[in-house]
Structures are given as structure tokens and as C-alpha cells.
Amino acid sequence: MHRSHQIALAGFLLAVAQPAWAEIVNLTNSAEGENKDKGVAAVKQKLVAACTERSGKPDAASFEIVFEKTSPNPDVPKPYYVDGKMKCDLP
């Protein structure tokens with residue numbers, strides 16, 4: 001009887017600790033846009049899509065621009081380039 005209580009307790013603790021096994025990862029991606037706002041919006045959209053594709057929950061507050069550059073060439077249709085990263089909580 002004592003042994004079965006220990007096994008039941010161990011099973012209960014494993015079931016309760018299941019959310020603690022979730023993993024938080026940093027996703028990175030890049031995008032181009034006609035201006036800074038459109039470039040940032042495009043990279044955010046890509047990061048959110050990548051996170052939800054993996055059945056994760058994106059943390060929009062953690063979004064960060066890692067690198068940004070504007071092309072000096074006026075003939076480039078999307079001259080603004082941006083790299084970004086965002087945390088994703090995976091189950």
C-alpha cells in the first residue's frame with residue numbers, strides 16, 4: 001500500500017509539472033519593405049507565423065529589431081531591410 005501511494009504521488013507530480021517542460025525559443029527572420037514601418041510589420045508577421053506554425057504562442061512584447069538598413073539605390077522597390085527576433089513559447 002505504501003508503494004502505490006508513492007507511485008501515485010510521482011504520477012501526480014509529473015502531470016502537474018508538464019507545463020514546466022515547455023520551451024521558450026528565440027526566432028529570427030528578415031524582411032524588406034517600402035519604408036521602415038512596412039519592413040518592421042513584415043518581419044513581425046513572419047515571426048508570428050513561424051511561431052504559430054510550430055504550435056507556439058508568440059510573445060509580441062519581446063520583438064526586437066536586430067539589424068536595419070536602407071538601400072541608397074532609389075530604383076529598389078523595397079529599399080528597407082530589417083532583421084528581427086521574437087520569443088516563442090513552444091508546448
Would you please name the residue that is nearest to the chain's Cα centre (by Cα), looking only at residues in region 67-87 that are under 12 Å from residue 39 (Cα atoms) and among the β-branched types (Val, Ile, Thr)? 82
Out of all the residues in region 70-91, which are open to solvent by 90 Å² or more (accessible area, probe 1.4 Å) and either modelled with pLDDT under 95 or among the aliphatic types (A, V, I, L, M) (or both)? 72, 74, 75, 77, 78, 91
Please indicate, with yes or no, whether at least one residue in region 51-65 is under 12 Å from residue 28 (Cβ atoms) and not in a strand (DSSP E or B). yes
Among the residues of region 69-87, the number that are free of Cβ contacts under 8 Å to residues at least 60 places away in the same chain and assigned to a strand (DSSP E or B) is 8
Which residue pairs have Cβ atoms under 7 Å apart, sit 6 or more places apart or on different chains, and have a first residue in region 41-63 that is of a type in the set (Phe, Trp, Tyr) and a second that is open to solvent by 70 Å² or more (accessible area, probe 1.4 Å)? 63/44
When you scan region 1-37, how many residues do you find that are outside any strand (DSSP E or B), farther than 25 Å from residue 55 by Cα and modelled with pLDDT of 65 or more? 15
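The values are calculated or read from the model by the stated rules, or taken from the named source; none is laboratory data. Note that the structure is a prediction, hence the values are computed from the model and not measured. Ideal geometry is used to build each Cβ from the backbone, glycine not excepted, and the neighbour counts take in all protein chains shown. Ligands, DNA and RNA are excluded from the accessible area calculation, which covers all protein heavy atoms including side chains. Shrake-Rupley method; radii C 1.70, N 1.55, O 1.52, S 1.80 Å.
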